[in-house]
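Q: Can you keep this structure in mind? I'll have questions shortly.
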Amino acid sequence: MNYCMVTVNTTTAGSDIVACLLIEAGSEGVSVKDSADVAELIKSDVIWDYIDESLVRDDGCVTVSGFFDENADLSPLMKELELLKERSEFDVGSLETVKSIVRSQDWENVWKQYYRPIEIGKIVIVPKWIKRERDEHIEVRIDPGMAFGTGSHETTAMCLKLLDGIDLREMAVADIGCGSGILGIAAVKLGAKKCVMTDIDQQAVQAARSNAELNGVTDRVQIICGELPETQKFDVLTANITADVLIGLSEKVGKYLVKGGKIILSGIINARADEVCAAYGRYKLLQRIKDGEWQAFAFENEEDIR
């Protein structure tokens, strides 16, 4: 099988939104090339023996590449990019696109170079092919495959930060829209007695199951393709999905929670954050955090909702 690689020219500010549009259009992963990231790394404490000078040039050019089936209909994506260009409140660049065919073996081997261990609080997310010396961090090993959730995206990282701030020992956790399973696996490794994970994408469910096995937590997780069973109650519920889905979930989320249960929400762009927050107005707002173009919330259920 070959892939159609779609590369979009944008800006640093526009790269996240473009990446999301590519994923929503069916991209099997995204790659972002931004010279500003290299400049930031050079200014950090990382010691460089040498570096390709061509990477240092900060010309403001950012490219985001998505990977689709060779015969995929990309016209809906093109329309979304046109709308973004017309309506964006900030500079998203030209949004010009280039299409090319990539052999599957080239993509499947090359994409791994873009992943690295990521430390988030007590957790460190480690791609399964990377060897790393053990330290005080709780290690979550992930094979990203084709499912969203590697810890590198702001929305996932914020969820992990909020989870890390809760004493999860002996708690029951639910993760709606689990993707790669990273949040549920992290929850049980942080002490939760069990986690029920759901996703409507069978590919994500399979990725979550594989990652649970990789981390040796299959006895403490239940992974469902579909919706969360209403017969169970949880101490913590996480959902890293789109604003519209989160708003719809607000009408029934309390039925899943014990009194005092926590709700962690992410995947919310700044423009929709107040709307999502208002939808959860019946719950006590514990924390609201922001990272770039994204926001996340932690709420507490103060009622016993049946």
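Values quoted throughout were computed directly from the atomic coordinates according to the rules given, and no laboratory measurement underlies them. Only a predicted model underlies this, so the values are computations on that prediction, with no experimental measurement involved. Here the Cβ is made from the backbone with ideal geometry for all residues, glycine too, and neighbour counts use every protein chain on show.
Q: Across the range 11-20, in residue order, what do the Karplus-derived ³J(HN,Hα) couplings come to in whole Hz, using 6.51 cos²θ - 1.76 cosθ + 1.60 with θ = phi - 60° and x for Gly and Pro?
A: The phi angles translate into 10, 4, 5, x, 5, 5, 5, 4, 4, 5 Hz.
Q: Taking only the alpha-carbon atoms of the range 115-300, what semi-axes of the equivalent ellipsoid follow from 5 times the gyration tensor eigenvalues under a square root, in whole Å, largest first?
A: 24, 18, 16
Q: Among the DSSP beta bridges whose two residues both lie in the range 115-300, what percent are antiparallel, rounded to the nearest 5?
A: If I count the DSSP bridges inside the range 115-300, around 40 percent turn out antiparallel.
Q: If each of residue 232 and residue 218 carries a label point 7 Å out from its Cα toward its Cβ, how far apart are those two points in nm?
A: Going from the residue 232 label point to the residue 218 one covers 1.7 nm.
Q: Related question: Under the rule of at least 5 residues apart or a separate chain, name every residue whose amide H is placed under 5 Å from the amide H of residue 267.
A: For residue 267, the qualifying residues are 295.
Q: So, one more: Can you sort 219, 274 by how many other beta carbons sit within 10 Å, fewest first?
A: If I rank by nearby Cβ atoms, fewest first, I get 219, 274.
Q: Starting from the Cα of residue 78, move 7 Å in the Cα-to-Cβ direction to define the label point; list residues of the range 1-25 whose amide nitrogen is under 17 Å from there.
A: Backbone N within reach: 4-9, 22, 25.
Q: Tell me, 255, 131, 262, 233 in order of fewest to most beta-carbon neighbours within 10 Å?
A: Lowest count first: 131, 255, 233, 262.
Q: Something else about it: What length, rounded to one decimal in nm, is gained on full extension from residue 133 through to residue 167, with 0.36 nm per residue of separation minus their alpha-carbon distance?
A: Roughly 9.6 nm would be gained on extension.
Q: Size of the dipole of the range 115-300 about the Cα centre, Lys and Arg at +1 and Asp and Glu at -1 on the beta carbon, nothing else charged, in debye to 20?
A: Approximately 400 debye in magnitude.
Q: Which lysines have a Cα less than 17 Å from the Cα of residue 33, not counting those fewer than 8 places away in the same chain?
A: Those lysines meeting the cut-off are 99, 112.
Q: When a footprinting reagent is the concern and you count Cβ atoms within 10 Å, what order do 195, 178, 277 take, fewest first? All intermediate terms of the calculation are to be shown ahead of the outcome.
A: Details: 195 29, 178 33, 277 17.
So the ranking, lowest neighbour count to highest, is 277, 195, 178.
Q: Residue 197's amide H: which non-local residues (gap 5+, or another chain) put their own amide H closer than 5 Å, with H modeled 1.01 Å from N in plane and none for Pro or chain starts?
A: Residues meeting the criterion, in which the H sits 1.01 Å from N, are 175, 222, 223, 224.
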